[in-house]
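What follows is calculated from the coordinates using simple rules that are stated; it is not laboratory data. The model shown is predicted, which means the values in this text are computed figures rather than measured ones. Neighbour counts run over all protein chains shown; Cβ positions are idealised from the backbone, glycine included.
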């Protein structure tokens, strides 16, 4: 009998304990579900998780290229300096957006960051186009650095008024590459058709009397191979990227316009970033200007030497007298005067801009 009473008493005690602890257990369960206890995955008491800010970066170059590697280094630098708070995803070979739509994509937010090829979207970047107004005798200089300086000094130009400018880099200036006929003097020009990925280099070619044809980068190899064009106006480091060393035999070392690849961010995306992340971007952008320029300069020199030694591409350096002929023809053609007049008609300081460009190309701060 006593044993039965003990069992009954024990049962009553257990039931009482269950009744009194159920509300507490339920509260704990709800707390775990909304993440307000110390049992959260990130160890915080408010249960919030810091997801990285993911940004899409559109570039036109293939993944197996130096330029892609440099952009990957840029993305890694941002990721590391923000402690993983910003992650940049790169769309290679214009996979995010066509190469001629990059600026509009950055403005509308189709991509967060975009590389702009000023040779392709020539008409959309009027201030940047001044780089295509350098004399043919211009030595190889840091056009990316020059463009960064001009962007800061001439904000009235509309190039980047709808986006946030990050940094700039350059492949140097374009040269003339031909498949069969060497260009040693102006007398060799008639009958030769040159192609280019952008409109600007073709202006130089026209000034010297070449026939011209615009060709997208991915189509240049086939155009040369099939004889649609006789040569190209392009930078040295682009030759191995597109395997053109298999087709070209001659390089005429004359400056056919400077190149620039501004990198910009959607303005709303920039405005939404915390101030400390904006500061990190500013610091990395300053680093990237030098990092890209130095790496690509080394690549330009390496590409020229490699094409010469491995594939027998001959470099043709014009005599001083011959170079004077080309330069006089270039000035007489009116590339500078026409550009200045167009900018002035739009209320923009075209002459002042070009004068500053001419100062900068001899400035120590933009020399390699």
*Could you work out how far helix 143-153 tilts from the main Cα principal axis of the chain, as a 0 to 90 degree angle to the nearest 10?*
70 degrees
*With each label point set 7 Å from Cα along the Cα-Cβ vector, what nm distance links residue 362 and residue 320?*
1.6 nm
*Between the range 44-113 and the range 289-368, what's the alpha-carbon centroid distance in Å?*
30 Å
*With each pseudo-label sitting 7 Å past Cα toward Cβ, what's the residue 214-residue 333 distance in nm, one decimal?*
1.7 nm
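Would you please give the FRET efficiency between residue 87 and residue 162, computed as 1/(1 + (r/R0)^6) with r the Cβ-Cβ distance and R0 = 30 Å, to the nearest 0.05? Please report the intermediate quantities before stating the final value.
Details: r = 25 Å, r/R0 = 0.83.
With a Förster radius of 30 Å, E is 0.75.
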_Distribution of pairwise C-alpha distances over the range 216-325, 5 Å bins, in %_ = 2, 9, 15, 16, 15, 12, 10, 8, 6, 5, 2, 0
_Where labels lie 7 Å past Cα in the beta-carbon direction, separation of residue 278 and residue 154 in nm_ = 2.7 nm
*Find the all-direction average of the projected area of the Cα convex hull for the range 310-368, expressing the result in square nanometres with one decimal place.*
6.8 nm²
_Calculated [θ] (222 nm, deg cm²/dmol) that DSSP helices of n ≥ 4 give over the chain, each run adding -39,500 (n - 2.57)_ = -14500 deg cm²/dmol
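Need one number for the chain: average projected area of the convex hull over its C-alpha atoms, nm².
On the way: hull surface 107.6 nm².
If you wrap the Cα atoms of the chain in a convex hull and average its projections, you get 26.9 nm².
When each pair of different Cα atoms in the range 113-222 is counted once in the 1/r mean, what is the Kirkwood radius in angstroms, to one decimal? Don't skip to the end; give the middle numbers.
Numbers: mean 1/r = 0.0642 Å⁻¹.
By the Kirkwood definition, the hydrodynamic radius is 15.6 Å.
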*Cα axis of helix 350-360 to longest principal axis of the chain: angle in degrees, 0 to 90, nearest 10?*
90 degrees
*Tilt of helix 335-345 relative to the longest C-alpha principal axis of the chain, in degrees (0 to 90, nearest 10)?*
60 degrees
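Among 108, 289, rank each residue by its count of other Cβ atoms within 10 Å, from fewest to most, as a rough exposure measure. Each step should come with its number before you reach the end.
Working: 108 12, 289 20.
Exposure proxy ranking, most exposed first: 108, 289.
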*So what are the radius of gyration and Dmax for the Cα set of the range 129-192, in Å?*
16.5, 46
*asked:* Quick check: residue separation of residue 187 and residue 221 times 0.36 nm, minus the Cα distance between them. What number comes out in nm?
replied: 9.6 nm
